[in-house]
Structures are given as structure tokens and as C-alpha cells.
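Written out below as C-alpha cells is the structure these notes cover.
Every number here is computed from the coordinates shown, using simple stated rules; none is lab data. Computed from a prediction, not measured in an experiment: that's the story for all the values here. Cβ atoms come from the backbone with ideal geometry, glycine included; neighbour counts cover every protein chain shown.
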Amino acid sequence: MSDSLVFVGFVASLLAGLATFVGALPILAVGRPTEQQENLMLGFAAGVMLAASFFSLIIPGIEQAQAMGASKAEASGTMVAAVLLGGLLLAHLNAVVPPLDRIGLGPRAIADARFRRVWLFVAAITLHNFPEGLAVGTSFGGGDMAAGTATAIGIGLQNLPEGFAVAGALTALGYSRQRAVLLALASGLVEPVGGLAGAALVSIATPLLPWALGFAAGAMIYVVLSEIIPEVQTRLGPGRRASSALMAGLVTMMFLDSTLG
Ligand SMILES: [Zn+2]
């Protein structure tokens, strides 16, 4: 393993992570959103992350497992286990979060249901940036520059709407737009950490990659289904508006991932 490959893997995952920041910037251009718009933005963000779970985590995870010699059934079975584990962890984390506030940890007002829900969502997006970085790092660390570049570009592109999702969700909580953008940047900076680990420890990281991708997908899907969708439905009233925002986010990410990724 040459040091230059590790460096390239790190820089590429850093650039992909910074796309999260770039994607959040449009938030600065729009005026202070109304409560309606905030909720539509949160619904859009949920759709984006739901599509991202399948197109940029689960499908690549199955492909990665197959590339390591697993049969289609074995690869899919691995993903089933990883997705369920991710969901399970979040379900438990969810139960653990409120007491954090009582001992003075966690963001302000985390005991508030809406704060807790949106922060769990942001935490899940941040968490999934680690295996994404790992994917970029391992593909460079394996020595294939073309594969590494393609992975970095694909992941960078899907980080654009994710950055918007993070910043939009935090704006919906009442954070200033500048702060929301900076927090999106912080969540994107998890990516080069994964990138460095993946490139430097490629022989260890590669077999773990499908697990990490599936785990992150399970965590994300759990949060979207159990926290964000009910939240948006309650705030906007059941029916069309929330679902339209979600569908718009879903197809935006699906299109980006399947044409450009
Ligand atoms: Zn992503």
C-alpha cells in the first residue's frame, strides 16, 4: 500500500464530503422559510434519504459483496442482516436519547420530540457519510484510480441533495440558515475520516464495507419511517402535501443516483 494512494483516497473523500457543504448553500439564498415550507423541506429531505439508502448504500453494498466472491443470495442476505442491525441500533438509540438531556448532554431541548426526531435524522445522515467515505477510500486503496474516481464523483454528487437535506432539516428546527449550512459541512467532514480509514486499512476495510453500507442504510430507513414521515404528516396534515414533498425528494435523488452516480 503506497502512501500516495492513501493520500489520494483521503483527498477524494474530502472533496466528496465538501459537496455536502456545497449542496447546503442554496439554503442561504432563500428567505426565512415559513413553517409550511420548513415541513415541506423536511419531507423532501426524507425522500432524498430514502432513495439514497437504496441507490447509494444497499445496491452498492450488494455489488461490493458480490465483487468479493459472494453469491447473489449471500450478498443479499448479508445486506438484510446489516440493514436490520442498523434499524435495531437506531430503535434503541431512540429510547436512549431523552435521558441524555437530563444529564446535560446533547443539543439543547433534545427532550423536545421534534428536536429529537430531526437530530436523529441528522445523526443518521452523518453516520452514513462514514461508510461512504470508506467506499471511496477502499476503491482508491485497492489501487484502481479509475474506480476510485468514479466512486468519489458518484458519492460527491449524491452528497449535494444530502447537504440540502441536512441544512433544510435544521432550518426547520429554527436554526439560523448560516448555522444549518455549517452543521451540514460538519456532517460532510465525516466522509474524509472514513476515506482515510478505508484507504489506509484497505485489507481490513474492504470486507467490512458491505456491512457498513447496509448498517447505515438500515439506520437511515428506520429514522425516516418512524420519525420523519410521521412528523411531517402531523405538521402538514395527512395526505397530499407531505407525500408530494417526499416523492419529489425521492425521485430527485433516484434520478441523480442512477444517471450520474
Ligand atoms: Zn449519501
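Structure notes:
- Helix content alone sets the calculated 222 nm mean residue ellipticity of the chain: runs of n ≥ 4 DSSP H residues at -39500 (n - 2.57) each, divided across all residues, give -27000 deg cm²/dmol.
- Sites Leu84 and Arg114 - FRET efficiency at Förster radius 25 Å, r taken between beta-carbons, to 0.05: 0.40
- The modelled label-to-label distance for the pair Ala146/Met247, using points 7 Å beyond Cα in the direction of Cβ, is 4.0 nm.
- Among Pro192, Pro33, Pro210, residue whose mean-square fluctuation peaks in a GNM of the chain (springs only between Cα atoms under 10 Å): Pro33
- Per-residue extension of 0.36 nm, minus the Cα-Cα distance of Ala67 and Ser176, leaves a gain of 34.8 nm for this segment.
- The calculated FRET efficiency for the pair Asp3 and Arg240, based on their C-beta separation and a Förster distance of 41 Å, comes to about 0.15.
- Equivalent ellipsoid semi-axes - Cα gyration tensor, the stretch 3-260, angstrom: 30, 19, 18
- Ranked His92, His128, criterion: other C-beta atoms within 10 Å, fewest first: His92, His128
- Around the Cα centre of the stretch 3-260, unit charges on the Cβ atoms of Lys, Arg, Asp and Glu (plus for the first two, minus for the last two) sum to a dipole of about 800 debye.
- Dipole of the chain computed with +1 at Lys/Arg Cβ and -1 at Asp/Glu Cβ about the Cα centre; of Ala16, Ala150, Ala197, farthest Cα towards the positive end is Ala16.
- Cα-based equivalent ellipsoid, the stretch 120-236: semi-axes from gyration tensor eigenvalues, Å: 29, 16, 11
- As a rough footprinting exposure proxy, the listed residues Leu42, Leu201 were ranked by other beta carbons within 10 Å of their own, and the order from fewest upward is Leu201, Leu42.
- Here the gap between Ala123 and Glu35, fully extended at 0.36 nm per residue and compared with their Cα-Cα distance, gives a gain of 29.4 nm.
- Highest mobility in the GNM of the chain, judged by mean-square fluctuation with C-alpha springs under 10 Å and restricted to Val11, Val136, Val122, is found for Val11.
- Comparing Val83, Val202, Val251 in a Gaussian network model of the chain (Cα springs below 10 Å), the most mobile by mean-square fluctuation is Val251.
- Note on Met220, Met68, Met41: ascending count of other Cβ atoms within 10 Å places them as Met68, Met41, Met220, the fewest first.
- Between Ala91 and Ala186, the contour length at 0.36 nm per residue exceeds the Cα-Cα span by 31.8 nm.
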